[in-house]
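What follows is one structure encoded as structure tokens, with my remarks underneath.
The values are calculated or read from the model by the stated rules, or taken from the named source; none is laboratory data. What you are looking at is a predicted structure, and each value in this text was computed from that prediction instead of being measured. Neighbour counts run over all protein chains shown; Cβ positions are idealised from the backbone, glycine included.
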Amino acid sequence: MRASGPLLLVSLLGCRRGLEAEPAHDAEPAPAALATDTPTDATSFEGRPIAPTMSHFGADWLSREERIAEEDPDALHRELGLRPGQTACDIGAGSGYHSVRLARAVAPGGKVLAVDIQPEMLELLAARVREAGVANVQPVLATPAALGLGEGVCDLELLVDVYHELAAPEPIIAELRRALAPGGRLAIVEFRGEDPEVPIKPEHKMTRAQVLRELEPRGFRLRSQYDGLPWQHLLVFERAD
């Protein structure tokens with residue numbers, strides 16, 4: 001998670017593989033953008049490496065034009081199926097790329113809790129929200145091991161290219177479960193680790209099997225899956241009470 005504001009976990013740090021053809025745009029953030037100021041002792045979890053977290057210096061990469069073709073955010077948000085009046089929790093919100101879309105989906109009457117661990121990211125998010133003219137986004141400053149959310153507040157928790165970067169997966173998974181409202185959903189979006197054609201570094205990809213291995217023993221069950229995104233899984237979980 002970031003070191004401030006909406007758990008910049010949202011960093012799709014999906015850096016391209018160095019051995020592949022050079023893309024038309026700079027798909028890999030500069031080294032400084034990969035630096036994290038929230039060191040932890042954990043370097044792996046359930047047999048896979050914990051990827052480094054992107055800092056606020058890489059925020060421009062989160063808003064690159066090519067992201068629409070690479071990820072199809074409109075299709076993602078259609079699948080999320082949010083309704084007015086609901087509370088959406090954007091975990092690792094970063095600079096707010098998804099927060100604005102979520103805010104419009106839950107209006108009127110709903111709100112977005114935009115969580116990040118980097119204050120600088122939250123500042124960028126606030127600027128984006130102002131520019132977009134939405135008034136129902138609330139920044140939440142988290143830590144690598146605590147989301148800063150109340151119990152049962154989230155109708156939807158969205159982590160886009162963030163879960164694989166969680167510096168403290170065990171406590172955060174417990175936090176995600178605690179913060180879900182009755183009937184709430186946890187949406188995990190990750191670059192498909194099963195697909196060698198997805199031009200993202202392996203440490204920034206996850207297989208469906210790996211996600212299930214980590215979440216199912218910790219109180220979640222898979223509710224639905226959508227594979228219609230260009231490069232990513234959408235795996236939707238609910239509490240296994």
Answer from Gly14, Gly92, Gly47, Gly96 - the residue that is within 16 Å of the chain's Cα centre (by Cα), under 22 Å from Thr207 (Cβ atoms) and at pLDDT 80 or above: Gly92
Hits in the stretch 192-219 - residues which are more than 24 Å from Thr43 (Cβ to Cβ) and either in contact with a helix residue (DSSP H, G or I) (Cβ under 7 Å, 6 or more places away or on another chain) or touching a residue at least 24 places away in the same chain (Cβ under 8 Å) (or both): Asp195, Pro199, Gly219
Residue match in the stretch 163-182 (condition: under 23 Å from Asp74 (Cα atoms) and within 14 Å of the chain's Cα centre (by Cα)): yes
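A quick yes/no check of all residues on (1) closer than 23 Å to Ala51 by Cα; (2) charged (D, E, K, R):
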{"residue": "Glu120", "(1), (2)": "yes, yes"}
{"residue": "Glu131", "(1), (2)": "no, yes"}
{"residue": "Gly148", "(1), (2)": "yes, no"}
{"residue": "Leu166", "(1), (2)": "yes, no"}
{"residue": "Pro169", "(1), (2)": "yes, no"}
{"residue": "Ile172", "(1), (2)": "yes, no"}
Residues (surrounded by 21 or more Cβ atoms within 10 Å (Cβ to Cβ) and in a strand (DSSP E or B)) located in the stretch 149-171: Cys154, Leu156, Glu157, Leu158, Leu159, Val160
Check on Ala69, out of contact with any helix residue (DSSP H, G or I) (no Cβ under 7 Å at 6 or more places or on another chain), more than 19 Å from Leu176 (Cα to Cα), in a helix (DSSP H, G or I) and modelled with pLDDT under 95: yes
Hits in the stretch 88-142 - residues which are on the phi > 0 side of the Ramachandran plot and surrounded by fewer than 20 Cβ atoms within 10 Å (Cβ to Cβ): Gly109, Gly133
Output for the stretch 190-225, where each listed residue is part of a strand (DSSP E or B) and over 16 Å from the mean Cα position of the chain (by Cα): Phe220, Arg221, Leu222, Arg223, Ser224, Gln225
When residues of the stretch 122-148 are limited to those that are touching a helix residue (DSSP H, G or I) at 6+ places or on another chain (Cβ under 7 Å) and part of a helix (DSSP H, G or I), the one nearest to Arg177 (Cα to Cα): Leu125
